[in-house]
Amino acid sequence: MKSSPHLISPSILSADFGNLNETIDLINTSEADWFHVDVMDGMFVPNISFGFPVMEALQRRATKPLDVHLMIEGPERYIERFRKLGAHVITVHYEACKHLHRVIHQIKESGALAGVAINPHTPVSLLKDILADVDLILVMSVNPGYGGQKFIYQSIPKIAELKQMLIERNLNPYIEVDGGIGLHNAERVLQAGANVLVSGSAMLSADNPMEAMKSLKAIGQEAFKNIQA
Ligand code: DX5
Ligand code: ZN
């Protein structure tokens, strides 16, 4: 079976916001694929991060797709606005949407890729009736709200279970995993079936962020070459 190289999506939540352009330029010139943009409202999650002004700064300067993770209640209120600010992927939480199917189609109609995220306590089986509608599924491997938390290892069998559900249905959305990912556990996350890795503190707080992103991107690539040969 062929698998494809994974994408990496560094979270700018770990940026120094006094020097945001520096982080944007760093990611632009790195081996990262996307910018992961964590929007928090202080309601769905206990923390407040940032909103439209940061999106505007990204839209002006970022040269890679913006992967927007909305940790907000009632995200349907803001889909078109994030899309106008250049969001390429918009992911909403299963737990934050009363009418998830409607919101997913609203995102698609806006022209963005539509993602659904689940918290660590939410079973993947609850996604079965939305799987065919989404472009991306984000499995949270920490409780959302903060960068720099510890990876919850129960996420690994969840990713594998999700992958199996997708295979059975012949579906191929991205499987993105977010929270506590670094060079120490990325391989296991990929082996379980993920193909997009979010990483914040392990990349941007590394001594050499450029090298850290290069290493994260390279994980498993040798194995991939062997599979293709
Ligand atoms: C958590 C956010 C994550 C976070 C990842 O609520 O959704 O994207 O920034 O940061 P690390 O990699 O530090 O866990
Ligand atoms: Zn995130």
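The values are calculated or read from the model by the stated rules, or taken from the named source; none is laboratory data. What you see is a predicted model, and the numbers here were worked out from it, not measured in a lab. Methodologically, a virtual Cβ is constructed for each residue, glycine included, from the backbone with ideal geometry; neighbour enumeration extends over all protein chains shown. We work out accessible area using only protein heavy atoms, side chains counted, and drop any ligands, DNA or RNA first. Shrake-Rupley method; radii C 1.70, N 1.55, O 1.52, S 1.80 Å.
So the values come out like this:
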quantity	calculated
Residue within segment 92-111 that is under 29 Å from residue 209 (Cβ atoms) and open to solvent by 60 Å² or more (accessible area, probe 1.4 Å) present	no
Among the residues listed as 174, 153, the single one being away from ligand 1 (no atom under 12 Å from the Cβ), buried (at least 17 other Cβ atoms within 10 Å of the Cβ) and of a type in the set (Ser, Thr, Tyr)	174
Odd one out for residue 87, checked against (1) within 16 Å of residue 11 (Cβ to Cβ); (2) in contact with a Ser or Thr (Cβ under 8 Å, 6 or more places away or on another chain)	(2)
Matching residues in segment 1-50 - criterion: being more than 14 Å from ligand 1 (Cβ to nearest atom), assigned to a helix (DSSP H, G or I) and among the polar types (S, T, N, Q)	19, 21, 28, 29
Subset of segment 69-78 [crowded, with 23+ Cβ neighbours inside 10 Å and part of a helix (DSSP H, G or I)]	75
Neighbours by Cβ (under 7 Å, 6+ apart or cross-chain): first from segment 177-204, basic (Lys, Arg); second more than 12 Å from ligand 1 (Cβ to nearest atom)	188/156
Tally of residues being over 14 Å from residue 9 (Cα atoms) and open to solvent by 50 Å² or more (accessible area, probe 1.4 Å) across segment 184-222	9
Verdict on residue 92 being in contact (Cβ under 8 Å) with a residue 12 or more places away in the chain, closer than 21 Å to residue 172 by Cβ and hydrophobic (A, V, I, L, M, F, W, C)	yes
